[in-house]
Structure formats: C-alpha cells, structure tokens
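See structure below.
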Amino acid sequence: MASAKILHLFLRVDVLPRVTCPNHPDSILVEDYRAGDMICPECGLVVGDRVIDVGSEWRTFSNDKATKDPSRVGDTQNPLLSDGDLTTMIGKGTGAASFDEFGNSKYQNRRTMSSSDRAMMNAFKEIASMADRINLPRNIVDRTNNLFKQVYEQKSLKGRSNDAIASACLYIACRQEGVPRTFKEICAVSRISKKEIGRCFKLILKALETSVDLITTGDFMSRFCSNLGLPKQVQMAATHIARKAVELDLVPGRSPISVAAAAIYMASQASAEKRTQKEIGDIAGVADVTIRQSYRLIYPRAPDLFPADFKFDTPVDKLPQL
C-alpha cells in the first residue's frame, strides 16, 4: 500500500505543467524579477512573462448579473491613501428587514473618501491598467504610485491632467528600475500624446529634484531581438555593433533606440535570420528612414564593428548600402 502511494505521488509530480524553452527544453530558465520575464539562457528567448498573477482574486458564476461585483475580497490596505482605503461596502438588501415602512433602505453606504484620495485612486487604477497592457511587474507599479503621490501632494503640476502625470511617472519608474520603455510604448497604452508626456516628464524631474539614468542601446536590445525572433548570436552581435559604434563616436546625436535598431538590422543582414527595416521599425517604434540614417553612419566601419567570432552568412562587403 505504501509503495502504491509513493508511485501515485511520483505520477502526480510528473504530470505537473512545466514552462520550458521550445528550442532548449532541458535548460534552466532565468527569471528577471524586474521585468517579470522568464528567459532561456541558451538562446535569449522570453519564454513567459507575468508568470504569477498579482491582480485581485475574482469569481464569476454563470447566473451572476453584470451589475454584481465579482471581487471575492476587498482591496488590500493602501498606505498611499490617507485612511488606508479600509472601507466597508454594504450590499443592497433583499429581505423585508432591509427596508423601513416607507420602502427606503435602512442601511446605506456613505462616501467618506476625500476628493484627493478619490483622484489618486483613479490615477492608481489607470497606472495599473497601463502597466498590465505592457506587462510591467508590480514593483514598477508601486514606484509609479509613489511618484504620482509625491507630485500630487506637492501640487507643482497644476493645470496638467492626472492621466498625463501618471503616464510620465510610469515612464520615469521604468527608467529608474532599469527596464526603460520608449515614449511611444507609453503613448500606445495611454490617452496622452508623446509631447505632453515629455513635458510632464521634465516638470516632474524638476519638481521632485530627482534624476534618471541615461538610456543605452543595451537597455532595449534583448527585448527587441526577442520580439523579432532573432537567435542569441544575432542579439550578441547587434549589442557588440551598437556598443562599438558609440565608443567610436560614429552616431553623434542619434537616439539609443535608433542606434539599436540600425545595429539589429546590420547584424540580421549578415546572418541567415534577415529582418527588414519595416519589421525592426515596427518593434522598435522608429521610422524606416530613421533606421537608414543611423545605418549609413555605421556602415563604413562595419568590418570593425562585428565581434571576432561572428559567423557570417552574408560577407561584410555584400551588406546593403542603402
């Protein structure tokens, strides 16, 4: 009987689902806690993101009405609000004891939340929604909420919409946590223009007397290459090309995103996994002409930019000249 139980336990363990890389199923995945990704160390493929759901616990039954709140439990205590958001909501009564002789409900909810707390709650919801759409982990959301609270309480950005401030705080939090996102990526998940987010970004840095690290080409390379489905060899070559181009001062005044896109284009064209300018531009959020301009700057020194161990599928002298 004991041996049968042990065998049953082993069988139960074997059938548990396991996340693996499709190309290297035996490799042990590396978890990037800041970005919320699980990465294969062999090929750099992002196998999974947001593995653990950190959202609220919900339950829904087929006979529930659309007006019912599907939350099983209340929200956790929020230290960013003045009262911690520890409130109790009384549901609508259905029995005779819930109403007085005139048919009015005996128990009613009173809105005790202040207007400032209500504004911050709406901003926190918008921040969580934006972060969820671009798969940002919880620590980014927490930092963004703290930044928004500091700006809101200082009242240093009067006249700016809370959505614009929240978008700019999300951009700052991403850069401070070492997982920067581009302005276009933030714009794609918000209702605010790139110009307005940029203005709020500068005002917030000045108001809070804080700073952010300068973005580099390496901050975006892994994500861009993974989204393009490029192998690790091409990613390493593109990283080397971009770094050497900056060291040799071949791309003065060019943004790191455009330099990274040009480096990916050059590395992919030299390999068997070729990608067009449009494919790279769609992922990096830059125009084709921007990639061409940066590519023309680094093309004359192409032989000096590739790593020594790179295996060329297309020789350097056969690369597109554009």
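The values are calculated or read from the model by the stated rules, or taken from the named source; none is laboratory data. Everything quoted here is computed from the prediction, not taken from an experiment. Cβ placement follows ideal geometry from the backbone for every residue including glycine, while neighbour counts extend to all protein chains displayed. Each accessible area value is taken on the protein alone, full model and side chains, heavy atoms only, with ligands, DNA and RNA left out. Shrake-Rupley method; radii C 1.70, N 1.55, O 1.52, S 1.80 Å.
For the reader, a short list of remarks on this structure follows.
- The condition of being under 17 Å from residue 234 (Cβ atoms) and of a type outside the set (Lys, Arg) holds for only one of 321, 293, 277, that being 277.
- Check on residue 140, of a type in the set (Val, Ile, Thr), farther than 18 Å from residue 193 by Cα and in the same structural domain as residue 193 (by the TED database): yes
- Tallying residues that are of a type in the set (Asp, Glu) and either open to solvent by less than 20 Å² (accessible area, probe 1.4 Å) or closer than 15 Å to residue 126 by Cβ (or both) within the stretch 181-206 yields 1.
- Pair list, Cβ under 9 Å, 6 or more apart: the stretch 223-241 residue surrounded by fewer than 18 Cβ atoms within 10 Å (Cβ to Cβ) and of a type in the set (Gly, Ala, Ser), other residue at pLDDT 95 or above and assigned to a helix (DSSP H, G or I): none
- Annotation: of all residues in the stretch 124-142 being farther than 19 Å from residue 191 by Cβ and either buried (at least 19 other Cβ atoms within 10 Å of the Cβ) or among the hydroxyl-bearing types (Ser, Thr, Tyr) (or both), the one that is modelled with the lowest pLDDT is 137.
- The test for being of a type outside the set (A, V, I, L, M, F, W, C), in the same structural domain as residue 230 (by the TED database) and open to solvent by less than 30 Å² (accessible area, probe 1.4 Å) holds for residue 281.
- Failed condition for residue 261, given (1) free of Cβ contacts under 8 Å to residues at least 12 places away in the same chain; (2) within 28 Å of the chain's Cα centre (by Cα): (1)
- Test: residue in the stretch 143-153 that is without any contact (Cβ under 8 Å) to a residue 24 or more places away in the chain, within 21 Å of the chain's Cα centre (by Cα) and closer than 16 Å to residue 172 by Cα: no
- Odd one out for residue 105 among (1) touching a helix residue (DSSP H, G or I) at 6+ places or on another chain (Cβ under 9 Å); (2) modelled with pLDDT under 60; (3) farther than 21 Å from residue 166 by Cα: (2)
- Taking the criterion of being under 21 Å from residue 181 (Cβ atoms) and either in contact with a Leu (Cβ under 8 Å, 6 or more places away or on another chain) or open to solvent by less than 30 Å² (accessible area, probe 1.4 Å) (or both), the residues of the stretch 242-255 that qualify are 242, 254.
- If you filter the stretch 3-53 down to residues that are touching a Leu at 6+ places or on another chain (Cβ under 9 Å) and small (Gly, Ala, Ser), you find that the one that is modelled with the highest pLDDT is 44.
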